[in-house]
There are 2 protein chains.
Amino acid sequence: MERIPKRQRHQQLSRLIEENPFLTDRELTRQLKVSIQTIRLDRLELAIPELRERLKMMAERSYDPVRSLPLHEVIGDIVDLQLDKSGISIFEIREEHVFSRSGIARGHHVFAQANSLAVAVINDEIALTASADIRFIRPARLAEKCIAKAYVRSSGAVKGKAKVEVFTYVGEEMVFQGNFVIYRSAGDSEHEGGGSH
Amino acid sequence: MERIPKRQRHQQLSRLIEENPFLTDRELTRQLKVSIQTIRLDRLELAIPELRERLKMMAERSYDPVRSLPLHEVIGDIVDLQLDKSGISIFEIREEHVFSRSGIARGHHVFAQANSLAVAVINDEIALTASADIRFIRPARLAEKCIAKAYVRSSGAVKGKAKVEVFTYVGEEMVFQGNFVIYRSAGDSEHEGGGSH
DNA sequence: ATTGGTTTAATACCTGGTGCCAAAGAGAGT
DNA sequence: ACTCTCTTTGGCACCAGGTATTAAACCAAT
């Protein structure tokens, strides 16, 4: 029995499940060539829950009633959201986002993160980007984590327009800055606490 | 036995599961005050899958956006391209591009089309968006075909920056307008045809 | 009273596991 | 060689949350 293979197997197991969380233990035995008991001991050690628990967690994450906004259509993970005030989202640059030649992110992905966040932070039934003035300060590269911070500068709940400023950072460095003007469906926002159902 | 309650119960059942897909049949019996067999017959009639299938479907739906992410390479079909002069691309607004609530396209998709075109029209090894000033003139809707036209206003092959103006139309109506400043890798444009494979 | 839609019950079986215990295998130390 | 320990495998009971099927009970109208 080789002592090394165990850790290797643990790594492989983690990787396999990460890239396909829908695998049953039985399917994993085929890929790793060990018994199903070993797979289960491994999951135990690695604290990887069973298939059904994984699916449930995924379903819950995508369902989350708190974030009633259409979040899965949003680019980037919104990790903090104070409606009509500010918000933060994280977006990791991956293979599919970059020019293969240079490894530099295509501008519209960085824009999409900022735009999604700017729209999400507006507390309204319908919010649409009206215009934007944006600057790409330095390129974002493959594997970098872009952290976008949005601040609502003038919510204009009555006027029907809100100004949102977004700054995107990689570490300490700013990579993107944008000023968004967002249309809002004017009226049912923080108008009063209660109006809508 | 009342004949009405059955249809009412079906409606209630559908509503309950819609607003909380995580309910087991056993939990549903408590809420509807009928036996578990009745619940199961009802689900059968209404073609509502069992809890685990529901969770799996939700998990799958929230999982595949990673692979089927629409924002891949160039957004829109480039149908005409005169390098360093002008270009045209067509992009059809589909389900995955709109707010499900309103059927209006998310701004970053319309931007992505324009941005892709602005970058493509620049005849250079590496071209990156430096900044942009954009306006969403009217919303683009589901199933509409967006036609973007880009014009290079100052190619500045030596300077390292180019200005590109993009107009996007649906039919006769303009939906988007943007002024892009594109960085170019200054010099090695069509320097000569060959370099890279 | 018989028929028919509806509801409930009972039972066998399924998947994808957990939990536990025992046995076998593989070194490493003495 | 023998022992000790870690790892792997196997077997069995059990669980949730079902499906599928058959049978019985309920209720009401013809």
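The values are calculated or read from the model by the stated rules, or taken from the named source; none is laboratory data. Treat the numbers as computed from the prediction; the structure is a model and nothing was measured. As a convention, Cβ positions derive from the backbone with ideal geometry for all residues, glycine included, and neighbour counts pool all protein chains shown. Areas reflect the complete protein model, heavy atoms only, side chains present, ligands, DNA and RNA absent. Shrake-Rupley method; radii C 1.70, N 1.55, O 1.52, S 1.80 Å.
What number comes out for the charge environment of residue A:180, summing +1 per Lys or Arg and -1 per Asp or Glu over other residues with Cβ under 11 Å away?
+1
Keeping all protein chains in place, calculate the accessible area per residue for the protein assembly as shown (probe 1.4 angstrom), answer in Å². Intermediate results must be reported in sequence, preceding the final value.
Details: 22180 Å² over 394 residues.
Result: 56 Å² per residue.
Report, to the nearest whole %, how much of the accessible area of the protein assembly as shown belongs to carbon and sulfur atoms, 1.4 Å probe, protein only.
That share works out to 50 percent.
Roughly how crowded by other chains is peptide A:119-129, in terms of the mean Cβ count from those chains within 10 Å of each of its Cβ atoms?
On the way: counts 4, 0, 0, 0, 0, 0, 2, 5, 2, 9, 10.
Counting Cβ atoms of other protein chains within 10 Å of each residue's Cβ and averaging gives 3.
Mind running the shape call on the protein assembly as shown? Use the C-alpha gyration tensor, a ≥ b ≥ c as the square roots of the eigenvalues: rounded below 1.5 for a/c, prolate if a/b tops b/c, oblate otherwise.
On the way: a/c = 2.22, a/b = 1.39, b/c = 1.59.
Oblate, since a/c reaches 1.5 and b/c is not below a/b.
Take the alpha-carbon centre of segment A:103-136, take the same for segment B:94-111, and report the distance between them in whole Å.
13 Å
On a 0 to 90° scale, report how tilted helix B:51-63 is relative to the longest principal axis of chain B, with both axes built from alpha carbons and the result rounded to the nearest 10.
Between the helix axis and the principal axis of chain B, the angle is about 10 degrees.
Please give the total accessible area that chains A and B bury against each other, computed with a 1.4 Å probe and expressed in Å² to the nearest 100. The partial results should precede the final answer.
Values: alone 13050 and 13050 Å², together 22180 Å².
Answer for the A-B pair: about 3900 Å² buried.
Please compute, for peptide A:97-106, the average count of beta-carbon atoms on other protein chains lying within 10 Å of each residue's beta-carbon.
Per residue, the number of nearby Cβ atoms from other chains is 3 on average.
Accessible area of residue A:15, 1.4 Å probe, to the nearest 10 Å²?
Accessible surface of residue A:15 is approximately 130 Å².
For segment B:136-151, list whatever residues lose no less than 40 Å² of accessible surface once every protein chain is in place, relative to that chain by itself, with the probe at 1.4 Å.
In segment B:136-151, residues shielded by partner chains: B:136.
Bin width 5 Å, alpha-carbon pairs only: give the P(r) of segment A:106-173 as whole percents, running from 0 to the bin holding the largest distance.
Per 5 Å bin, starting at 0, the Cα pair percentages come out as 3, 15, 29, 22, 14, 9, 5, 1, 0.
Can you give me the Cα centroid spacing of segment B:12-57 and segment A:25-39 in angstrom?
33 Å
Which order do you get for B:131, A:100 if you rank them by accessible area with a 1.4 Å probe, largest at the top?
Accessible-area ranking of B:131, A:100, largest first: A:100, B:131.
Please pull out the direction-averaged projected area of chain B, using the convex hull of its alpha-carbon atoms, in nm² to one decimal place.
Taking the Cα atoms of chain B, their convex hull projects to 16.3 nm² on average.
Place the peptides B:109-115, A:34-40 in order of packing, highest mean first, counting for every residue the other Cβ atoms within 10 Å and averaging per peptide.
Going by the mean number of other Cβ atoms within 10 Å, highest first, we get B:109-115, A:34-40.
Keeping all protein chains in place and using 1.4 angstrom, which order do A:183, B:63 fall into by accessible surface area, from largest down? Display every interim value, and only then the final one.
Details: A:183 100, B:63 45 Å².
From most accessible down to least: A:183, B:63.
Take every residue in peptide B:47-54, count the Cβ atoms of other chains within 10 Å of its Cβ, and give the average of those counts.
Details: counts 0, 0, 0, 0, 2, 4, 1, 2.
Shielding by partners across B:47-54 averages 1.
What are the extents of the Cα atoms of segment A:4-61 along their three principal axes, listed from largest to smallest and rounded to whole Å?
Computed over the Cα atoms, the extents are 36, 18, 18 Å.
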